[in-house]
Amino acid sequence: FFMSGLKQYVCGRCACLFGCMTAIHYCPHCNQPYEYSADDYHKQIYCGSTSGRCAKHPKKFGFWYYNVSQRRYDEVRAEVKLEQEKRMKAAAAQNRRRQRASVRTQASSVDEEAKQGEVLFVKGLVDGCPRCGEVIRPFKREYAEEHLALCNDKKLHAKYRLEKAKEKNRKEEKQSLEEKQNEMMVEKQWEMNGRQVGQLWMLTLGILRRKCVEAGLTEEKHINEMEKTQLITILGAHLRKKVLQIMDKAGTTPSSVDADITGISNVDAEDLPENLWSMDKEELQAVCASYNIKFETDEGKETLISRLERARFKGSQLLLQDNSDEQKKRKKKEKIEDAKDDDFHADEKVISSSKSNLSAHENKKRRVIIDSDSD
């Protein structure tokens, strides 16, 4: 599950999560690092190294494949789905905080950022000097103010700015790699769950845009202007149409198509969101769009959830009504049978009482005859 890009694991040393794309992979022939992708798991590849043994004599290599039981496979499916929902909620919360912060704060210039860094340095809120990066130990406010007053070496300042730019580039590359891994992992999880059209809401905006462009549903220059629900709507309609066209061909079964178009009323409970009430309005709209449920953009969470529930349990109210009618008929029949049983037991009581009266009368006559004989 690691090399196929489905799960992340925790490092035993730093306790950080890492996946197959953020991990470092080495070629088994030349022991040089190479870039790995989850699409290479079922292939034999070259490391592409320009140094070492594989530079002159490149050799192919593959990856170990392990058989997994169906029970464990189903458990992993449920685990990765829950993990993805948690990541989506965390990302949504982070975006909301970022939007609130952008409203409160305004864009500042380089000089304003430098002045703010100096204020933080004097107050002891940052370790290094914002000009040269020197760390003062032990820290005192007087030492920091004195250091800023004497820190005028322009070459040292330029060197520190260059180091900060390199560090920023490294962070951006790392963040970009993590985003690529996250998108790859989300897409592999969607494929693992059967490529369900109803789970398009779990895909990221980048994956939806790429799939729409690959399918020729919209032009690439207009794709960035579309929202997630719009992308899900057009992509879901395309997949449903494609699947129905394939299934219309003779000898084609639903298992041979490349997507699952099962509606929300027939889908399994574990394939639905775990808790609708913990989701945002935008996420609920994405779920409605995935299952082709119409909604208005100004509707709140309660209305969207009620739409999903009505679509999920469509026809169940009629079924419950039919069951209640059958229960009434069955209860009426049971009452009639109970009444017949009561009549039968009453007749038995009358017969038994008459028999007991006759036996008592015979015993009385017998006692009279015995008494007369004794006289």
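Some points to look at:
- Ranked by solvent-accessible area (1.4 Å probe, protein heavy atoms only, all chains present), the residues 64, 201, 277 order from largest to smallest as 64, 277, 201.
- Only protein heavy atoms count here; on that basis, with a 1.4 Å probe, residue 10 has an accessible area of about 90 Å².
- Area of residue 16 that stays accessible when all protein chains are in place (1.4 Å probe, Å², to 10): 70 Å²
- For residue 139 and residue 115, the FRET efficiency from 1/(1 + (r/R0)^6), where r spans their Cβ atoms and R0 equals 22 Å, is about 0.65.
- Surface share of carbon and sulfur [accessible, 1.4 angstrom probe, percent] for segment 166-219: 45 percent
- Size-normalised alpha-carbon gyration radius of segment 182-296, reference 2.2 N^0.38 Å: 1.06
- Karplus-derived HN-Hα couplings along segment 64-78 (A = 6.51, B = -1.76, C = 1.60, θ = phi - 60°), whole Hz, x at Gly and Pro: 5, 10, 10, 6, 10, 5, 5, 5, 5, 4, 5, 4, 5, 4, 5
- Using the Karplus relation 6.51 cos²θ - 1.76 cosθ + 1.60 with θ = phi - 60°, the per-residue 3J(HN,Hα) values for segment 18-30 come to 8, x, 6, 8, 8, 6, 9, 10, 10, 5, x, 9, 10 Hz, with x marking Gly and Pro.
- For residue 260, the residues whose modelled amide H falls within less than 5 Å of its own, excluding neighbours fewer than 5 places apart on the same chain, are 196, 197.
- On the beta carbon distance between residue 17 and residue 306, with R0 = 51 Å, the FRET formula returns roughly 0.90.
The values are calculated or read from the model by the stated rules, or taken from the named source; none is laboratory data. Remember, predicted model here, so these are calculated numbers, not experimental data. Cβ atoms come from the backbone with ideal geometry, glycine included; neighbour counts cover every protein chain shown. Side chains are part of the model used for accessible areas, which takes the heavy atoms of the whole protein and leaves out ligands, DNA and RNA. Shrake-Rupley method; radii C 1.70, N 1.55, O 1.52, S 1.80 Å.
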